[in-house]
Amino acid sequence: METLAVYVPRLITTKEYFAPGHRACMGCGEALAVRLVCKALGRNVIIANATGCMEIVSSPLPYTSWEVPWIHTLFENAAAVASGIEAGIKVLRRKGKYSKKPKVVAMAGDGGTADIGFQALSGAFERGHEFIYICFDNEAYMNTGIQRSSATPFGASTTTSPAGKVSIGQATWKKNMPAIAVAHDIPYVATACPSYPFDLMNKISKAIKIEGPAYIHILSVCPTGWRLPADLTIRAGRLAVETGIFPLYEVEEGKYVLNVDFPRLRPVEDYFKLQGRFRHLTQEVIAQIQERVTAEYTRLREKAARVRDNE
Amino acid sequence: MVKKMIGIEGSFAIAEAVKLARVDAVAAYPITPQTHIVERLAEFVANGELDAEYIPVESEHSAMSACLGTSAVGARTFTATASQGLELMHEVLYVASSMRLPIVMTLANRAISAPLSIWTDHCDAMAVRDCGWIQIFAENAQQAFDLVLCAFRIAETPAVFLPVMVHIDGFYISHTIEPVQLLEQEAVDSFIPEYRHPYPLDPDRPVTMGAFGPPPIYTEAKKAQEVALRASKAVILEVWQEFSLLSGRHYSPVEGYEAGDADVLFLIMGSFSETAMVAIDRMRAKGQKVGLVRLRLWRPFPVQELRQTVGKAWVIIVLDRAISFGGRDPSVLKSRRRFIP
C-alpha cells in the first residue's frame, strides 16, 4: 500500500466537502476520517449525523463545515433518521418530485452506535434500507468527557472506568460491532482507519455501490481521550493495525477479506506505550490482552483464508 | 363534494383522511397500545391504494426519528401513537417542532404505566403539553377525520411550518364505530395542495439542519419558534373556515354549548364533552342554567376565545383527565386560572 503513495494521492479530488475551520482538537483522527470519507462520498450524498464530537465541532451556528446536505437531530437515532431520508427520497422519486438519487449516509460515534443507537441501527439493517452507516470509533464518549462506552478496550482508563488501586480500568472486552453488523446479513461490512487513507476511501467507494445497508467501522484515534501527543495520531492508528488490535478487513456477502496482513504482528505493548490511558497496565494484564488479540486475529485470518481457499 | 354518511371505526376514519391527504410516508411502531390507524394505512399501501412508503420501525423513538428524515427531504409525513409510545418519542417531538418539520400525528390519549393500563386519560397529552406542537382535540370520529385533514393543511402552510398533533380519546374514538361523512378525493385535493418543503435536504442545494446552537442563538431560535406557534392561530382559523365551506362542518378554537346564559359551565377536552352535552340537555330541561365549554385548540392556547365563551358564568367546573402529582391543579385547570379573575 505504501508503494502507491506517490501516484495515488494525485488521483484523489482536491475538493473538500468537510470544510476546514471546524473546532476539533489538535490531531483529531475523527476529523481526518470524516474529511477522507466526504472526499470519497462526493457531493451526491445526504448525511444524517448523530450527536457527538463531529456534530458539535462542525456546526456551531451560524457556521457549518458541511458542503453537502447534512442533518443532525439526536444522539441515538442517526440510523432511524437515515431510514426516513432513504424512504422519503424513494417515494418522492417515484412520484417525480425528487430528481437526484443521493447516497444516504448515517454517521455516529462508538457510543451512538454500540450503545445508545444500537437498536435503531439494528432496525435499519433489518429493514434493508439502502444506506451506509459509518461508526467513527474513538473508543469512549470523548465529547462528553472521556466516559467509557462498550467500545472502550479492555484495560483502558476513562473517567467512568478509571484505573485505581483495585481497578485496571475498563474491565470488559470491546464490543465487536463489525461482527454484529455481519450477523445482520447485510451485503457489506468493513473496518478502516485514516492511517490507511486509500484503503479507507476505497471502502467508502465500494459501499456507495452496494444496494442495501453497508457498515463501515473506522478507528478514529483521539489524542485527547487516549492521552497521546497530537502528532502521533497516524502512528497510533498504524500501530493499532500492525499489532492486530484493529485489523483492516471487509466482509462482502459474508465473505471475509483481510486487507492488510502481516507475517508477524507487533507486540500490543508497542501500541499501549504511546498512550496514557494504558499507562497503568501491568505486564500480566498486557500478556492477557496479547493472548486475546492473537487469538482473535488468528480466527479472523482463518475466516479470510477459508474464503481464499474456496475461490 | 361530500359523501354519504357511513358507519366506520374512528381509527379507520383517520386512516381514510390520511389516505385522502395523499401522504408520502408513514413510520409507526405497535408499542402497546397502538391503534388500527397504522394497520389500515399499511393495508392501503399493500393494496396499492396509497402510494407511500410505510416504514415499520423498531420503536416509537425511531418512528418519530424516521418521520424527521422523511419530512426533511420534503415528504408529507404521518404517524400515530399513544401513551407509552408517546413517552418514548418524547425528546424527538421537541426536535420536530424546533426544526419546523410539518409532521402530522394522531395521539390516542391513553393512560401511562404503572400499573399497565390501556384505557383513556390525558396524562400522555399533558406530558407533551410544552413540546412546541400545535395540538388539537377531537370529540368524535367525524371530528377526528376532519381535523386530521385540516392538520396537514395547517402544518404545511409556509407561515406555520410546525408539526400538528390531533388528540383522540383512546377507545372512545379510536375503537368505536360511529357515523362519519367522508369527503371525495377531488375535494380534498383542492383543499390540501401539493406539499413542497422550501429547503429540503438536497445535494443540489446543500443545507445544514439541526446545527449546534450556542446560548445567544438558542434563545433567538426558541423565541422565534414561540412567536410562530402563537401566530399559527390565525392560519388555523383560516383553514377551519375554508374547511367549513367544503364540508359544512365548522370548527373553532373554543366551542360553547348552551354557554351563552349559563351560570355554571363545564370546561372539557375530548370525547366526554359529548357525554356532558347529554347531561346538560337533561339539566336544562329541569330549568338549570348550565352549559359547556369545549376546548378544541390546546396549543396555541386560545385565551381570548375562551374568555369570550365563558361569558358571565360564575362557576366553572373543569373536568381534567390528567393528574399532576404533587401539583396544585391538573393541567387544564391551571390554564384556566390565567383568564378568569
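Of all the criteria given as (1) free of Cβ contacts under 8 Å to residues at least 40 places away in the same chain; (2) out of contact with any Pro (no Cβ under 9 Å at 6 or more places or on another chain), the one not satisfied by A:Gln290 is (2).
Could you check, for region B:156-178, whether at least one of its residues is within 14 Å of another protein chain (Cβ to nearest Cβ), in contact (Cβ under 8 Å) with a residue 40 or more places away in the chain and assigned to a loop (DSSP other than H, G, I, E, B)? Yes. Within the set A:Met142, A:Met107, the sole residue that is crowded, with 24+ Cβ neighbours inside 10 Å, over 30 Å from A:Arg279 (Cα atoms), at pLDDT 95 or above and more than 7 Å from chain B (Cβ to nearest Cβ) turns out to be A:Met107. Criterion applied to B:Gly291, B:Gly287 was being free of Cβ contacts under 8 Å to residues at least 40 places away in the same chain and crowded, with 21+ Cβ neighbours inside 10 Å, and the one residue passing it is B:Gly291. Residues in region B:14-68 that are touching a residue at least 40 places away in the same chain (Cβ under 8 Å), in a helix (DSSP H, G or I), of a type outside the set (D, E, K, R) and more than 9 Å from chain A (Cβ to nearest Cβ): B:Ile14, B:Ala17, B:Val18, B:Leu20, B:His36, B:Ile37, B:Val38.
For region A:31-63, filtering for residues that are free of Cβ contacts under 8 Å to residues at least 60 places away in the same chain, aliphatic (A, V, I, L, M), in a helix (DSSP H, G or I) and within 12 Å of chain B (Cβ to nearest Cβ) leaves 1.
When you scan region A:75-104, how many residues do you find that are surrounded by 24 or more Cβ atoms within 10 Å (Cβ to Cβ) and over 15 Å from A:Phe131 (Cβ atoms)? Looking only at that region, the number is 1. If you filter region B:315-340 down to residues that are assigned to a loop (DSSP other than H, G, I, E, B) and of a type in the set (D, E, K, R), you find that the one that is modelled with the lowest pLDDT is B:Arg338.
Taking the listed residues B:Ala159, B:Ala141, B:Ala114, B:Ala127, the one that is assigned by TED's automatic domain parsing to the domain that holds B:Trp240, touching a strand residue (DSSP E or B) at 6+ places or on another chain (Cβ under 8 Å) and among the aliphatic types (A, V, I, L, M) is B:Ala141, with no other qualifying. Number of residues in region B:69-90 that are within 11 Å of chain A (Cβ to nearest Cβ) and in a strand (DSSP E or B) equals 2.
Applying the criterion of being within 15 Å of B:Val57 (Cβ to Cβ) and aliphatic (A, V, I, L, M) to the residues of region B:5-36, the residue that is modelled with the lowest pLDDT is B:Ile31.
Is it true that some residue in region B:283-300 is assigned to a helix (DSSP H, G or I), at pLDDT 95 or above and out of contact with any strand residue (DSSP E or B) (no Cβ under 6 Å at 6 or more places or on another chain)?
Quick first cut of region B:283-300, residues assigned to a helix (DSSP H, G or I) only: B:283-285.
From the residues that got through so far, the ones that are at pLDDT 95 or above too are B:283-285.
Keeping just the survivors that are out of contact with any strand residue (DSSP E or B) (no Cβ under 6 Å at 6 or more places or on another chain) gives B:284-285.
Within region B:283-300 (the criterion being assigned to a helix (DSSP H, G or I), at pLDDT 95 or above and out of contact with any strand residue (DSSP E or B) (no Cβ under 6 Å at 6 or more places or on another chain)), the answer is yes, since at least one residue qualifies.
It is to be established whether one or more residues within region A:65-72 are surrounded by fewer than 23 Cβ atoms within 10 Å (Cβ to Cβ) and within 11 Å of another protein chain (Cβ to nearest Cβ).
Start the filter on region A:65-72 by keeping residues that are surrounded by fewer than 23 Cβ atoms within 10 Å (Cβ to Cβ), which leaves A:67-68.
Checking which are within 11 Å of another protein chain (Cβ to nearest Cβ) leaves us with A:67-68.
So far as region A:65-72 goes, yes, one or more of its residues are surrounded by fewer than 23 Cβ atoms within 10 Å (Cβ to Cβ) and within 11 Å of another protein chain (Cβ to nearest Cβ).
In the condition set (1) assigned to a loop (DSSP other than H, G, I, E, B); (2) farther than 19 Å from A:His72 by Cβ; (3) within 14 Å of chain A (Cβ to nearest Cβ), B:His250 is compliant with all but (3).
Looking only at region A:77-99, filter to residues that are within 24 Å of A:Arg35 (Cα to Cα) and more than 7 Å from chain B (Cβ to nearest Cβ); which one of those is farthest from the chain's Cα centre (by Cα)? The qualifying residue farthest from the chain's Cα centre (by Cα) is A:Glu86. Tell me whether region A:16-23 contains one or more residues that are among the basic types (Lys, Arg) and surrounded by fewer than 14 Cβ atoms within 10 Å (Cβ to Cβ). So far as region A:16-23 goes, no, none of its residues is among the basic types (Lys, Arg) and surrounded by fewer than 14 Cβ atoms within 10 Å (Cβ to Cβ).
The values are calculated or read from the model by the stated rules, or taken from the named source; none is laboratory data. Bear in mind that the values here come from a model prediction, so they are computed numbers and not experimental data. Glycine also receives a Cβ, built like all others from the backbone with ideal geometry; neighbour counts cover every protein chain displayed.
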